[in-house]
1. Let me check against my output: what whole-number percent is the relative contact order of the chain, with C-alpha pairs under 8 Å and at least 6 apart?
2. Compare Gly46, Gly28, Gly145 in a GNM of the chain, Cα atoms joined below 10 Å, and give the one with the largest fluctuation.
3. How many angstrom lie between the Cα centre of the range 56-106 and the Cα centre of the range 7-39?
4. Could you size up the charge dipole of the chain around its Cα centre, putting +1 on the beta carbon of Lys and Arg and -1 on that of Asp and Glu, and report it in debye to the nearest 20?
5. If you compute Kirkwood radius over Cα pairs in Å for the structure shown, which of (i) 18.9; (ii) 19.9; (iii) 18.3 do you land on?
6. What FRET efficiency, computed as 1/(1 + (r/R0)^6) with R0 = 25 Å and r the Cβ-Cβ distance, is obtained for Val6 and Val54, rounded to the nearest 0.05?
7. Contact order normalised by length for the range 112-166, with contacts defined as Cα pairs under 8 Å and 6 or more residues apart; what percent is it?
8. With a ≥ b ≥ c taken as the square roots of the eigenvalues of the C-alpha gyration tensor of the range 116-170, please select rounded if a/c is under 1.5 and otherwise prolate if a/b is larger than b/c or oblate if it is not?
Amino acid sequence: MGRSRVLTYAGAVAVPFGSGTLLHLWGGWSMRSPLGTPSALAVLVGLVVAGLAVAAHDALFREGGSVLALVLLLAGLGAVWIEARDSRVRGETVECVVVGKVRVTDHPTFGEGAPEAKRLYHHTLDCPGGHPAEFSWEERLGEAGKPIRIAYDPARRMDPVPADENVARGALFVPAGLLLLATVLSVAALAVEGTDDRVW
């Protein structure tokens with residue numbers, strides 16, 4: 001096996017996991033940065049990283065590679081982004097008082113197999129510093145005059161949640177599994193280049 005072939009195989013491994021690592025680092029940093037990175041900028045940089053990964057993946061193959069590997073690469077990077085965001089917690093907790101009557105709205109869903117209708121409880125709040133002023137949740141957290149604790153992101157990159165729901169929910173095994181499958185298919189596609197076989 002020539003040196004260029006070895007480098008190509010190394011690239012097939014490095015592209016998914018390298019781009020996944022960069023995206024995870026960027027997603028986590030943008031959520032905890034004291035600079036208050038805007039969500040739009042965080043997403044834009046994430047899309048650039050994903051685009052570079054796709055371009056690098058495409059450059060590895062003379063015969064197009066595996067379409068399924070490319071799909072799994074994009075799915076894996078999307079899962080990395082979600083995991084990076086979900087692994088962060090809101091940085092501040094504040095005790096607020098419910099003001100006035102809690103408003104209830106129902107949000108029906110349509111079609112066969114659709115999820116159940118969602119009911120939201122809209123609380124008007126009086127919080128130190130004035131934020132959050134309103135808070136919607138799937139449960140009634142209290143009537144007028146009741147204190148409730150709310151966790152929020154001072155840079156407002158994430159929606160507020162009740163303080164007891166402010167936990168990290170990220171799980172690396174899903175994105176890692178998708179990126180591993182993308183890598184295996186990419187390596188297999190490289191192995192059959194120049195033959196009549198094809199890896200989907």
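The values are calculated or read from the model by the stated rules, or taken from the named source; none is laboratory data. Worth saying up front: this structure is predicted, and the values here are computed from it rather than measured. Cβ: placed from backbone, ideal geometry, glycine included. Neighbour counts: every protein chain shown. The area values use the complete protein model at the heavy-atom level, side chains included, leaving out ligands, DNA and RNA. Shrake-Rupley method; radii C 1.70, N 1.55, O 1.52, S 1.80 Å.
1. Details: 307 pairs, mean separation 55.3, N = 200.
After rounding, I find 28 percent.
2. Highest fluctuation among the options: Gly145.
3. The distance from the Cα centre of the range 56-106 to that of the range 7-39 comes to 13 Å.
4. Here the chain has a charge dipole of around 440 debye.
5. (ii)
6. The value I calculate is 0.65.
7. 23 percent
8. Numbers: a/c = 1.65, a/b = 1.01, b/c = 1.62.
Oblate shape, in that a/c is at least 1.5 and b/c is the bigger or equal ratio.
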